[in-house]
Amino acid sequence: MTFIEEINRRRTFGIISHPDAGKTTLTEKLLLFGGAIQEAGAVKNNKIKKSATSDFMEIEKQRGISVATSVLAFDYKNYKINILDTPGHKDFAEDTFRTLTAVDSVIVVVDVAKGVEEQTEKLVEVCRMRNIPMIVFINKLDREGKDAFDLLDEIEQKLGLTVCPLSFPIGMGWEFKGIYNIWEKNINLFSGDSRKNIEDTVEISDLNSGEIDRLVGNKAADKLREELELVEGIYPEFDKEAYLKSELQPVFFGSALNNFGVRELLDCFVEIAPKPKPKYSEERLVEPQENKFTGFVFKIHANMDPNHRDRLAFIKIVSGKFERNTPYLHVRHNKKFKFSSPNAFFAEKKEIVDVSYPGDIVGLHDTGNFKIGDTLTEGEVIHYKGIPSFSPEHFRYINNADPMKAKQLYKGIDQLMDEGVAQLFTLELNGRKVIGTVGALQYEVIQYRLEHEYGAKCSYENLSVHKACWVEPEDEKNEEFKEFLRVKQRFLAKDKQDQLVFFADSPFSLQMTQQKYPSIKFHMTSEF
Ligand code: GDP
């Protein structure tokens, strides 16, 4: 296969949803189609196996939350599919946001009964901002849920999407008979048998023929014809360009648990979803088909192997070929590194790979050289952008609880921040360190890891902060900004990049501050 063919056949995407909507189940069924796993339950088993080999993963196991964002790759038809798993739990939302910088498209899973939930809203908003193409999968059709049209309305309103149903359910719950596939013009009958990998489909060339009546009964057939007419009247026709620009979102219905409607989703997905896309660096736009390798770190995974305590840095390849044992430039360190055992990830295992292509993810063993957002190249100095920090939701002072271990503590904090576990701020007034996180759970993770990986002990002290806002003055020398620095000194801190941050203790105080200093901009993310 040529280099260009290798690029064109890759589909790198993430599945996002509110917890329990069925992301894991769907992932597993997709893997079954790829022949990447043999039986149901393999994906979950995989999670448990991992936690048994890593201290840190104990936390995950105990709490039953998938902390890790793993990569699952498999071949389907002639496509190479890379699924980047994203934690649905809100405390790990930032991890998911960063993973979204490495996907070319996403599938959004919505529970037919619960409709659009909070986490889905947040994640879809990020995808919308980044113009990531999205396909919606409405799951659990074997259960009683909301009316299909009401649900499509809800998706449009709450998620701000323009939907285009490419399949439509025939009944629901007890009455669920199957799915009419608008995209392929056929009917898939629901048997409720989850062991069936490939469903029988019946081609329907003419909706008005008696064929549908024979399959699902007169009543359901008439209702379907009516509904399809409505669908045609209300929703825009599918337009691939609009989907790729994230202006239109195809919708599929199904039941992941019953492996129903999943093949339809996958077949359409591989056909329409984008191949690896060009990416902006600060210097220029980089095309995947360029000869020279470039890539960036979007995730760092803590010691999977407790005997080695090393980390795995996940690199998304943007352009060129990544080859084993080849020296690449670590742009931030201005130093060349060679990797003798880059890992690729397959459903149940990771393997050392010699060559990887744009769209692929490789895991590099790291002893502390990488941090999130780092760029690797063949020599060119470019910096990929687009891995912002978001304002944390929780803030606590961090104190050293063992004076003999100060060095270990600072090293530990430093490395954990590079991994993106949380954000560190230093107060301007007194130099005290503040840890900001998206969820309260991270404080336990940090404490646990500092102790087990670095031999350091910390304690926390509450700090009442509503949001951390990155400060952008119109002019650093103007009187207004100088006054701001003087008056608000108690509330100012620096982040790890030395950017100025304002701690607003309430929405009200933020509003007042904005009014008082109109020439200063306050941003909720570090990238502006
Ligand atoms: P995640 O948290 O989004 O990864 O959700 P899971 O895949 O773990 O699914 C959550 C629960 O919903 C599990 O108990 C699944 O068995 C169940 N589930 C997933 N898909 C379906 C479905 O199509 N129908 C029904 N009835 N249950 C489902």
inquiry  = With the crude spin-label approximation of a point 7 Å out along Cα→Cβ, what separation in nm comes out for K245 versus Q289?
reply    = 2.2 nm
key: Between 0 and 90°, nearest 10: helix 507-516 axis offset from the chain longest Cα axis   = 60 degrees
ask   = Along segment 19-34, what does the Karplus equation 6.51 cos²θ - 1.76 cosθ + 1.60 (θ = phi - 60°) give for ³J(HN,Hα), rounded to whole Hz, x for Gly and Pro?
value = x, 6, 6, x, 4, 5, 4, 5, 3, 4, 5, 4, 5, 4, 5, x
query = Which one of S389, W174, G436 is farthest out on the positive end of the charge dipole of the chain, using unit charges on Cβ (Lys, Arg +1; Asp, Glu -1) and the Cα centre as origin?
reply = G436
message = Let's test the formula: R0 of 25 Å, r as the Cβ-Cβ distance of N218 and E144. What FRET efficiency results, to the nearest 0.05?
response = 0.65
note = So M524 and D402, fully extended at 0.36 nm per residue minus their Cα-Cα distance, gain in nm 40.5 nm
ask   = What's the exposure ranking of W183, W470, going from fewest to most Cβ atoms within 10 Å?
value = W183, W470
inquiry  = I'd like the distance separating the alpha-carbon centroids of segment 446-484 and segment 233-260, in whole Å.
reply    = 42 Å
key: Interchain or long-range residues, amide H under 5 Å from L257's placed H   = K140
inquiry  = Starting from the 7 Å offset along Cα-to-Cβ, what nm value, one decimal, do you get for the label separation of A113 and H452?
reply    = 3.5 nm
key: DSSP-assigned coil residues among trypsin sites (Lys or Arg not before Pro) in segment 455-487, each with at most 14 further Cβ atoms within 10 Å   = K477
ask   = Cross-link list K350/K457; K122/K223; K277/K494; K245/K275; K158/K277: which exceed 25 angstrom alpha carbon to alpha carbon?
value = K350/K457; K122/K223; K277/K494; K158/K277
request  = As a check on your grasp of the helix formula, calculate [θ] at 222 nm for the chain: sum -39500 (n - 2.57) over DSSP H runs of n ≥ 4, divide by the residue count, round to the nearest 500.
outcome  = -8500 deg cm²/dmol
Distance in nm between pseudo-label sites at K482 and L230 (7 Å out along the Cβ direction from Cα) = 6.7 nm
inquiry  = Could you tell me the extents of the chain's C-alpha atoms along the three principal axes, largest first, rounded to whole Å?
reply    = 79, 55, 45
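Values in this text are rule-based calculations from the coordinates and carry no lab data. The structure presented is a predicted model; accordingly, all values stated were derived computationally and were not measured. Cβ sites come from the backbone with ideal geometry, for glycine too, and all protein chains shown count toward neighbours.
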